[in-house]
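Worksheet: one structure, shown below.
The values are calculated or read from the model by the stated rules, or taken from the named source; none is laboratory data. All figures in this text were calculated on a predicted structure; none of them were measured in a lab. Quick reminder, even Gly has a Cβ in these numbers, built from the backbone with ideal geometry, and neighbours come from all protein chains shown. Just so you know, the surface numbers come from the protein's heavy atoms only, side chains and all, with ligands and any DNA or RNA stripped out. Shrake-Rupley method; radii C 1.70, N 1.55, O 1.52, S 1.80 Å.
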Amino acid sequence: INEAMEVAVRDYLNRISIIPREDLIALAGIRDVKVAEVNYKQAVSEFNDAQRQVDALEAEALKALTGENQLDLGVVNSMLLKQKARLDAAAKKKEEAKVLLEMEKNNKKANEVQADEILSWASRFDDASYEAKHLVIAQLVDRIEIRKNDGYDITIHWRMTAEQFLGRKTEASA
């Protein structure tokens, strides 16, 4: 099983090592930016939903004041206060997500460090001690599933930091 793991990790690292450093850095940045973009879009959607509800409640309060509907103004005002608090929270979340998105777009240095670290592992893995290999494996692998058939079926679930470079799960058989 250890040999199968080492073969799978060696193959994985070899595939990473042929990707130019600048491409690895760009791929790392793309993943982080995409995650931040999804978070920002979700925050904008929550803000817009809260804004629509506040607008609707304000319209109902106006109708209650002018006698166009029979709603209790106290109930509408109570709901309006809760929705305005929700709107304020959504606005804060949206602003935080926007700041995070901008930070991720400008986070090239961290991506460079991450790419250099993985390239270093790739260049040193074959000559590393048993303990060092397992430290690298621990950094790259989220979990390993082993099923016994005629031999062993090993499924490796890579951590996101490695997966960003190859975008797949790798399976090995022993």
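Of all the criteria given as (1) under 22 Å from ILE18 (Cα atoms); (2) modelled with pLDDT of 80 or more, the one not satisfied by ALA162 is (2). Residues that are within 30 Å of VAL35 (Cβ to Cβ) and touching a helix residue (DSSP H, G or I) at 6+ places or on another chain (Cβ under 7 Å): does the stretch 64-72 have at least one? No; the residues of the stretch 64-72 include none that is within 30 Å of VAL35 (Cβ to Cβ) and touching a helix residue (DSSP H, G or I) at 6+ places or on another chain (Cβ under 7 Å). Among the residues making up the stretch 84-102, those that are among the aliphatic types (A, V, I, L, M) and either surrounded by fewer than 13 Cβ atoms within 10 Å (Cβ to Cβ) or free of Cβ contacts under 8 Å to residues at least 40 places away in the same chain (or both) are ALA85, ALA89, VAL99.
Counting the residues of the stretch 111-148 that are surrounded by 15 or more Cβ atoms within 10 Å (Cβ to Cβ), part of a helix (DSSP H, G or I) and among the aromatic types (Phe, Trp, Tyr) gives 1. Checking each residue in the stretch 37-62 for being polar (S, T, N, Q), closer than 17 Å to LEU101 by Cα and in contact (Cβ under 8 Å) with a residue 24 or more places away in the chain picks out ASN39, GLN42. The residue pairs whose first member lies in the stretch 105-118 and is within 12 Å of LEU27 (Cα to Cα), whose second member is open to solvent by 50 Å² or more (accessible area, probe 1.4 Å) and not in a loop (DSSP other than H, G, I, E, B), and whose beta carbons are closer than 7 Å, counting only pairs six or more residues apart or on different chains, are GLN114/THR161; ALA115/ARG21. The set of residues in the stretch 16-25 that are out of contact with any Ser or Thr (no Cβ under 9 Å at 6 or more places or on another chain) and part of a helix (DSSP H, G or I) comprises ILE16, ARG21, GLU22, ASP23, LEU24, ILE25. Note on the stretch 2-44: residues that are over 24 Å from VAL141 (Cβ atoms) and either among the aromatic types (Phe, Trp, Tyr) or open to solvent by 60 Å² or more (accessible area, probe 1.4 Å) (or both) total 8. Comparison of GLU46, GLU95, GLU102, GLU58 shows that the only residue that is under 30 Å from ARG21 (Cα atoms) and part of a helix (DSSP H, G or I) is GLU102. Is one or more of the residues making up the stretch 13-20 polar (S, T, N, Q) and at pLDDT 90 or above? Scanning the stretch 13-20, I find no residue that is polar (S, T, N, Q) and at pLDDT 90 or above, so the answer is no.
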